[in-house]
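K.L.:
Have a look at this one.
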Amino acid sequence: MQGKKTATIALICFLAMGIGYAQQMVTLEDAIAAALKNNYDIRLLQNDSVAASINKNYIYSGFLPSINGTIGRTQTTSAQKQQYKDRPEVQGSGIRTTNLNAAVNLNWVLFDGLGMFATRDKINELFELGRINVKNQVINSVANVISGYYIIVRQKQKLKAIEEQMSINEERVKLADRKLSVGLGTRPELLQAKVDLNAQKAAHLEQQSIMSQSKEALNQLTGMQLPENFEVSDSIPIHAGLTLSEIQNQIEATSPSILQAIKNVDLSKISLNETKAKRWPTISFGSNYNFARTDIANNISPFAPVYNRNKGFNFGFSAQIPLLNYMNVNRNIRQAKLDIAYQQIILEKQKTTINVMVKAGYYNYSFQLSALRLEEENIELAKENVFIALERFKQGVSTYLELREAQKSLEDAYDRLIAARYNTKLAETELLRLKGELIR
């Protein structure tokens, strides 16, 4: 019976290895590249950025004149009756009148209180804000991909730790069975070893399910562009050389959150200039070319022409001067100034928030790094302890309870070590995200 179970486990491991070889290896760089190309949130913000780019391409349209052409043709059929004092009455029907009108109008705003310049600056700032928004979303998406990718690596490492525990439990079952067969062991000892082995098998299956779910979550972040079956790396690289001064250096020039707040202040100042421009008169240059022609068929009046044509060109200047608008401009100016003050407060708050988050993030990073070093030392001690306990159990100088306790310590040490690696990577990623240098 025991031989059949061992053969079954070997077959499962062999099949798992075969599946692993069939799976395509996906690196973190592959996942990030797929996310940058297909992530839904990034694509949505890119559309907004493209719209701002289109506006920027036509940024000088507000400085150019507008030219419009109109043309119209009307035809009227009427019946007329005319009476004169010294002449006989005349009347007729079926009198057709055809009117043709055409005009070309030019209007050019020459001065509007510099409002057109403020509009130009606003379009530029909106374009830059759009770029910052896209970069911020890209950084956040990359951070999510890094977290999602290393979650899978973490689950993979836990799977290997479980497999190591399974091999130890298999050895326990063999030893307990052998001791029982020679009369040195007890059946409860063998049964407990089998129970522990089955528990590890169940944990192994559960861990595989968790890995599959984590892979689906990562695939969703990349816009479902990863292979249906893929494999990830075995390790979590750690950048252990980050310093607080390095993160804080010029962070106001790189942090997307701070840059967004700065752009909002700039936009509120430009809006104030746009509002102030309404205090000034608007001076425009206008020019028109008009053409009109009238044809009258069956005209009954001896004094009316049967054909009339007018055409001509005119130009001139006009000024629209604001005299009284119930203080609306002054009210809007005060509101714009309040908005500037509001945006400046948000900027200062954002700087403070980022500074606090960076310090807290760095303290967490330092703690996780220290915990990782400690757990790397602990895992070696736990492995040595299990080896000694297993050898003592083989020699019959210790009980299975001592071996189980050593195994439990090794299992806990693996859990803490894997968690420390992942948490350290998350802390490192968060610092680079706050800095705005997660991508270059």
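The values are calculated or read from the model by the stated rules, or taken from the named source; none is laboratory data. Model, not experiment: these values are computed from the prediction. Methodologically, a virtual Cβ is constructed for each residue, glycine included, from the backbone with ideal geometry; neighbour enumeration extends over all protein chains shown.
K.L.:
Can you tell me which of Glu228, Glu274 is of a type in the set (Asp, Glu) and closer than 30 Å to Asn39 by Cα?
P.N.:
Working: Glu274 fails: closer than 30 Å to Asn39 by Cα.
On inspection, the qualifying residue turns out to be Glu228.
K.L.:
Can you give me the number of residues within the range 347-384 that are within 19 Å of Ser257 (Cα to Cα) and either surrounded by fewer than 16 Cβ atoms within 10 Å (Cβ to Cβ) or free of Cβ contacts under 8 Å to residues at least 40 places away in the same chain (or both)? Talk me through it step by step, then tell me what you get.
P.N.:
Looking only at the range 347-384, we keep the residues that are within 19 Å of Ser257 (Cα to Cα), and these are 347-362.
Narrowing further to those that are either surrounded by fewer than 16 Cβ atoms within 10 Å (Cβ to Cβ) or free of Cβ contacts under 8 Å to residues at least 40 places away in the same chain (or both): 348-349, 352-353, 356, 359-360.
The total comes to 7.
K.L.:
Being closer than 22 Å to Trp280 by Cα and either touching a strand residue (DSSP E or B) at 6+ places or on another chain (Cβ under 7 Å) or surrounded by fewer than 12 Cβ atoms within 10 Å (Cβ to Cβ) (or both) is the filter here; which residues of the range 295-324 pass it? If you could, list the steps in order and put the result at the bottom.
P.N.:
Step one: list which residues in the range 295-324 are closer than 22 Å to Trp280 by Cα, which gives 316-324.
Listed by number, the residues that qualify are Gly316, Phe317, Ser318, Ala319, Gln320, Ile321, Leu323, Leu324.
K.L.:
Could we say that Asn378 is of a type in the set (S, T, N, Q), part of a helix (DSSP H, G or I) and more than 23 Å from Lys156 (Cα to Cα) here? Talk me through it step by step, then tell me what you get.
P.N.:
Values: of a type in the set (S, T, N, Q): yes; part of a helix (DSSP H, G or I): yes; more than 23 Å from Lys156 (Cα to Cα): no.
Spelling it out, it is not the case that Asn378 is of a type in the set (S, T, N, Q), part of a helix (DSSP H, G or I) and more than 23 Å from Lys156 (Cα to Cα).
K.L.:
Further question: Take the range 89-124 and flag every residue that is of a type in the set (Ser, Thr, Tyr) and assigned to a helix (DSSP H, G or I).
P.N.:
Keep residues of the range 89-124 that are of a type in the set (Ser, Thr, Tyr), which gives 93, 97-98, 119.
Within the range 89-124, Thr119 is the sole residue that qualifies.
Okay, residues lined up against (1) touching a residue at least 60 places away in the same chain (Cβ under 8 Å); (2) in contact with a helix residue (DSSP H, G or I) (Cβ under 8 Å, 6 or more places away or on another chain); (3) assigned to a helix (DSSP H, G or I):
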position: Tyr289; (1), (2), (3): yes, no, no
position: Asp295; (1), (2), (3): yes, no, no
position: Gly312; (1), (2), (3): no, no, no
position: Gly316; (1), (2), (3): no, no, no
position: Leu323; (1), (2), (3): no, no, no
position: Arg331; (1), (2), (3): no, no, yes
position: Arg334; (1), (2), (3): no, no, yes
position: Leu338; (1), (2), (3): no, no, yes
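K.L.:
Which of the following residues is modelled with pLDDT of 85 or more, outside the structural domain of Asn273 (by TED's automatic domain parsing), closer than 30 Å to Gly312 by Cβ and surrounded by fewer than 15 Cβ atoms within 10 Å (Cβ to Cβ): Asn101, Asn107?
P.N.:
On the way: Asn101 fails: surrounded by fewer than 15 Cβ atoms within 10 Å (Cβ to Cβ).
That would be Asn107, the only listed residue that is modelled with pLDDT of 85 or more, outside the structural domain of Asn273 (by TED's automatic domain parsing), closer than 30 Å to Gly312 by Cβ and surrounded by fewer than 15 Cβ atoms within 10 Å (Cβ to Cβ).
K.L.:
Which one is surrounded by the fewest Cβ atoms within 10 Å (Cβ to Cβ) among residues in the range 402-440 that are part of a loop (DSSP other than H, G, I, E, B), in contact (Cβ under 8 Å) with a residue 40 or more places away in the chain and not β-branched (Val, Ile, Thr)? Step through it out loud before you land on a result.
P.N.:
Residues of the range 402-440 part of a loop (DSSP other than H, G, I, E, B): 436-440.
Remaining after also requiring in contact (Cβ under 8 Å) with a residue 40 or more places away in the chain: 436-439.
Okay, now just the ones that are also not β-branched (Val, Ile, Thr), so 436-438.
Values: Gly436: 22, Glu437: 15, Leu438: 21.
Only one residue fits best here, namely Glu437.
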